[in-house]
1. Looking at (1) more than 7 Å from every other protein chain (Cβ to nearest Cβ); (2) closer than 17 Å to residue A:108 by Cβ; (3) under 19 Å from the mean Cα position of the chain (by Cα), can you tell me which one residue B:134 breaks?
2. Working carefully through the options A:111, A:97, A:126, find the one that is at the interface with another protein chain (Cβ under 7 Å from one of its Cβ atoms), within 30 Å of residue A:186 (Cα to Cα) and without any contact (Cβ under 8 Å) to a residue 40 or more places away in the chain.
3. Do we find that residue A:122 is more than 26 Å from residue A:16 (Cα to Cα) and at pLDDT below 95 in this structure?
4. Among the numbered criteria (1) closer than 27 Å to residue A:102 by Cβ; (2) surrounded by 15 or more Cβ atoms within 10 Å (Cβ to Cβ); (3) out of contact with any strand residue (DSSP E or B) (no Cβ under 9 Å at 6 or more places or on another chain), which one does residue B:89 miss?
5. Those residues that are more than 9 Å from DNA strand D (Cβ to nearest atom) and either assigned to a helix (DSSP H, G or I) or at pLDDT below 70 (or both), I need them from region A:33-53; list them, please.
6. Residues of region A:180-191 being farther than 15 Å from residue A:125 by Cβ and within 11 Å of another protein chain (Cβ to nearest Cβ), which ones?
7. Residue A:194: in a loop (DSSP other than H, G, I, E, B), closer than 19 Å to residue B:93 by Cβ and either modelled with pLDDT under 90 or at the interface with chain B (Cβ under 10 Å from one of its Cβ atoms) (or both), yes or no?
8. Determine the pairs where a residue that is farther than 16 Å from residue B:30 by Cα, located within region B:53-64, has a partner that is near DNA strand C (Cβ under 8 Å from one of its atoms) and not in a loop (DSSP other than H, G, I, E, B) with Cβ atoms under 6 Å apart, the partner being 6 or more residues away or on another chain.
DNA sequence: CGACGTATACTCGTAAACGAGTATTCGTGA
DNA sequence: TCACGAATACTCGTTTACGAGTATACGTCG
């Protein structure tokens, strides 16, 4: 039940959330976001920022609150959030918290085309993945500990969650690797053979080809 | 180290992976993908499909292999994969398997703006999330057990992984809910108060502002 | 004091994503 | 047998995302 938003990108959410604090101009939004480390999870693209701000204004979620000029710098338009904007921010937050996402996960896509590579190579690749994951986990854990010194828990939940997910990912990858490396993964032989011939085993081909259009 | 692909959308990956089996025309690609249940994780948008196929052809990853006409149906262009296309598919698979993604997770975005809602509401929303997650998990588990009857493990890994991730998500959500409902979450009072006043506690404001917005 | 690098503040054009619409044909039941 | 709905096979126009480019001002190092 993901609602259609007037402006749908997550950058728009970020913009709303900073303008909700106080009016500012577009460039400042980017700076604030950047200083909050938000650019880590959602890279701020300049082109998108201005498009998004314009669209938010066009749909009445932001409104121009005059323009100011500092020194001889180019003039800049200051935006403030509208009541509608606040409502949208709250509603969107509600949705993000309550609806589990069915995002297209890239790794899942990878798994789904994995059979195209031989099992030995897959094993090596997954080992690389696991290493990278462990590095990431270590780095994130460190960053989290640094932050929990100053910031209240409420503001680091995001990182805590990210860390938990990576750990789960690492655990799953490790388990799969054990099966592959230990040779206990089922039908390894067939998988390997399938590369020499380029043909799927008969029973699989049958099923893959359209077994279940279960209507 | 995510490489820039000539055609970057995951739909392109899916297209390459089906055309790698045998030449086909665009509409058929969609049907095969649909029959494989791929439309669950990645909804196939018609507009995108034709754009993507054209772009793949433009970049030499697919090539036209004539056109056929069945009955009086509109003529359709049949595409086959090129050597370059196969190479791209393999390389892309390698990347997807070995590089952990740093995808923008929507729930993380939600957590990062969560402070804008009062803790009671957040608790209710997370409870809704947990319920939904549990329903999803039950459904996926059932589907998986049905499939493992016929399909070899290699072809259901994707679902296994998805299931594992949802379970991890549910576990994390449950733990957070316990803290919120049990009142052990730190500084709950301040969080609640902050809604009456609309102002952040002093120390948080200072840190959140990062001191970096030099004015 | 002036040249140079960096921060500020955008604009614009390209390219991708998308959804609604169009047109034909096949199968099926009344 | 023929009307009607589902499936086939796209096209087209609108939005949205993005990145490279532009232009000015401020600080600073020699």
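The values are calculated or read from the model by the stated rules, or taken from the named source; none is laboratory data. Keep in mind that this is a model prediction, so the values were computed, not measured. With ideal geometry, Cβ positions are generated from the backbone for all residues, glycine too; neighbour counts draw on all protein chains shown.
1. The number of the failed condition is (2).
2. That would be A:111, the only listed residue that is at the interface with another protein chain (Cβ under 7 Å from one of its Cβ atoms), within 30 Å of residue A:186 (Cα to Cα) and without any contact (Cβ under 8 Å) to a residue 40 or more places away in the chain.
3. no
4. (3)
5. A:33, A:34, A:35, A:38, A:39, A:40, A:41, A:53, listed by residue number.
6. Within region A:180-191, A:184, A:186, A:187, A:188, A:190 meet the criteria.
7. no
8. From region B:53-64, no pairs qualify.
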